[in-house]
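Q: Take this structure first; my questions come after.
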Amino acid sequence: MEKIIYYFFIFLAEAVILWQYTLTLFTAKYTSKMRFAVLCGLYLILFIVSLFDSKWINITFYFMFNFVFFVAQYQLNIYSAFFHSSILTSVMMSCEVMVYYIILYFLPDFFAKSDIFYHLTIFAILSKLIFFTVIYILLHFLKGRQDYNEPYGKSIFLLTSVPLTSVFVIVTFIKISDSCTLPPSLNGMLTLSAAFLLIINLLVFGIDQYNRKKNMEFTEMQLLLQKETDSAQYYEMLLSQHENQSILIHDIKKHLQSIHTLNTKKEHDKIGLYIQELMQSSDLKESSRLCDHEMLNTILARYGHQCLNKHISFHVDIRSGIIDFISDADITSLFCNLLDNAVEAAERTPDSFIEVSACKREKTPFVVITVVNSSRKNPFEKQSGQLITIKTHKNKHGFGIKSIRKIVTKYHGDIQMYYDANTLTFHTIITLKQ
């Protein structure tokens, strides 16, 4: 009964610490009730497993269940979940071993007393208090939730190897202590070793957060530069259009004289063609206003100007107010990458066109964004079904699609892409949840 109470207290404390850790750092997928129920279920299984008194099994299940909780209940990719689960396991064990050897250094017979439950309870309270303090201090310097869905790559396993190695070293310390009685001086050295392992793991965590912060700042700077570029080109286009309109107005007297000359000669067909040519002039068109969203309008205007120069028909149908829930940064990444690919494919196709539309499905919270563009060749590989590139630098290919998929995931959406060989068109259909 005493062992049950002891393990119950330990896992209750660890569950509370895990809850606070995730609540501060991560963005949840589901409600608090759902997360609480899953956490209770996982730690109940962990509590039952702990009754077998196997250190390796306890450590393995603690790591696995934290990993499952991260992946199932929070917006984390598996690499981030693996890393944070490793850090928590290593920090928890470092705190326990550090307290264990501190006690042995000052009280060598502490764990050999007859009232072992009392002493184990003191050990559990001290170790969990230190564990909670370390995590609390750690979270204090990491204010606000962060985006842990960034593409990580396999390099994260290099960082993860540090806490996992620390766990192995700590378990080795425990096995040595269980096998023989160590002198106080050696207990002191092991205490310092556990403290150093704790510091190393905190440094690894800090390095990861620092790199992530710098990457986010770099990404934000790139998006800001993209916005400024779009706005600058849009206003340059407006100035150019205004200048052309001024020139046309200045020359309107000459055009009227030419029309008068044709009218005198009664060449009515030529008059009609002359007037039609003037009416179709881009200089007489209204200022570029393709949708009511300011950021998206600047982007669409820029690509519309590109299409005009490359003789690509450009059609836009963005319904009013339906994409206001998407941030400017995400709109820039999403539409710029979509239109970059569309223009690249369409400019190599005769009589090409690009159609962009966005509408809301009736009686649903979903917005459908569709991009259809001409494409002379099927961009999918026949065997793997993967998109292939025609870019010179193959190693720089794929980041645009990854960025699009990331935004689709962020807004709980879906993306479908297919090629229609009959019409030589490539279709991208994106569904986002408001």
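Q: Check VAL99 against each of (1) among the β-branched types (Val, Ile, Thr); (2) open to solvent by 30 Å² or more (accessible area, probe 1.4 Å); (3) in contact with a Phe, Trp or Tyr (Cβ under 9 Å, 6 or more places away or on another chain) and name the one condition it does not meet.
A: (2)
Q: Taking ALA15, is it open to solvent by less than 30 Å² (accessible area, probe 1.4 Å), of a type outside the set (S, T, N, Q), in a helix (DSSP H, G or I) and over 23 Å from ARG212 (Cβ atoms)? Explain how you work it out, then say what you get.
A: Values: open to solvent by less than 30 Å² (accessible area, probe 1.4 Å): yes; of a type outside the set (S, T, N, Q): yes; in a helix (DSSP H, G or I): yes; over 23 Å from ARG212 (Cβ atoms): yes.
Here the answer is yes, as ALA15 does meet what is asked.
Q: Can you tell me how many residues in the range 337-374 are modelled with pLDDT of 90 or more and part of a loop (DSSP other than H, G, I, E, B)?
A: 1
Q: Among the residues of the range 354-367 satisfying the criterion of being β-branched (Val, Ile, Thr) and open to solvent by less than 20 Å² (accessible area, probe 1.4 Å), which is farthest from ILE404 (Cα to Cα)? I'd like the intermediate steps shown before the answer.
A: First pass over the range 354-367, keeping only residues β-branched (Val, Ile, Thr): 354, 356, 364, 367.
When the remaining residues are screened for being open to solvent by less than 20 Å² (accessible area, probe 1.4 Å), the result is 354, 356, 367.
On the way: ILE354: 18, VAL356: 15, VAL367: 15 Å.
Checked the range 354-367; the qualifying residue farthest from ILE404 (Cα to Cα) is ILE354.
Q: Here are some conditions: (1) open to solvent by 70 Å² or more (accessible area, probe 1.4 Å); (2) within 31 Å of the chain's Cα centre (by Cα). ASP109 meets all but one. Which one does it not meet?
A: Failing condition for ASP109: (2).
Q: Within the range 322-344, is there a residue that is open to solvent by 50 Å² or more (accessible area, probe 1.4 Å), over 20 Å from LYS406 (Cα atoms) and out of contact with any Phe, Trp or Tyr (no Cβ under 6 Å at 6 or more places or on another chain)?
A: no
Q: Has the range 2-14 got at least one residue that is touching a residue at least 12 places away in the same chain (Cβ under 8 Å), closer than 20 Å to LEU159 by Cα and not aliphatic (A, V, I, L, M)?
A: So far as the range 2-14 goes, no, none of its residues is touching a residue at least 12 places away in the same chain (Cβ under 8 Å), closer than 20 Å to LEU159 by Cα and not aliphatic (A, V, I, L, M).
Q: Could you pull out the residue among TYR30, TYR43, TYR7, TYR74 that is among the hydroxyl-bearing types (Ser, Thr, Tyr), crowded, with 18+ Cβ neighbours inside 10 Å and within 23 Å of the chain's Cα centre (by Cα)? Spell out how you get there, then give the answer.
A: Values: TYR30 fails: crowded, with 18+ Cβ neighbours inside 10 Å; TYR43 fails: within 23 Å of the chain's Cα centre (by Cα); TYR7 fails: within 23 Å of the chain's Cα centre (by Cα).
Being among the hydroxyl-bearing types (Ser, Thr, Tyr), crowded, with 18+ Cβ neighbours inside 10 Å and within 23 Å of the chain's Cα centre (by Cα) holds for just one of TYR30, TYR43, TYR7, TYR74, which is TYR74.
Q: Among residues belonging to the range 385-404 that are at pLDDT 65 or above and within 15 Å of LEU339 (Cα to Cα), point out the one that is least open to solvent (accessible area, probe 1.4 Å).
A: Of the residues in the range 385-404, the ones at pLDDT 65 or above are 386-387, 399-404.
Now restrict to residues that are within 15 Å of LEU339 (Cα to Cα): 399-404.
Numbers: PHE399: 129, GLY400: 20, ILE401: 35, LYS402: 126, SER403: 33, ILE404: 2 Å².
Among them, the one singled out is ILE404.
Q: Would you point out the residue of the range 168-222, among those that are under 17 Å from SER86 (Cβ atoms) and aromatic (Phe, Trp, Tyr), that is least open to solvent (accessible area, probe 1.4 Å)?
A: Among those residues, the one meeting the criterion is PHE205.
Q: Hey, any hits in the range 275-298 for a residue that's among the β-branched types (Val, Ile, Thr), surrounded by fewer than 17 Cβ atoms within 10 Å (Cβ to Cβ) and modelled with pLDDT under 90? It would help to see each step written out before you state the result.
A: Residues of the range 275-298 that are among the β-branched types (Val, Ile, Thr), as a first pass: 275, 298.
Narrowing further to those that are surrounded by fewer than 17 Cβ atoms within 10 Å (Cβ to Cβ): 275.
Next, only the ones that are modelled with pLDDT under 90 stay: 275.
So far as the range 275-298 goes, yes, one or more of its residues are among the β-branched types (Val, Ile, Thr), surrounded by fewer than 17 Cβ atoms within 10 Å (Cβ to Cβ) and modelled with pLDDT under 90.
The values are calculated or read from the model by the stated rules, or taken from the named source; none is laboratory data. A quick note: this is a predicted structure, and the numbers were derived from the prediction, not measured. Here the Cβ is made from the backbone with ideal geometry for all residues, glycine too, and neighbour counts use every protein chain on show. These accessible areas exclude ligands, DNA and RNA; they are computed on the full protein's heavy atoms, side chains included. Shrake-Rupley method; radii C 1.70, N 1.55, O 1.52, S 1.80 Å.
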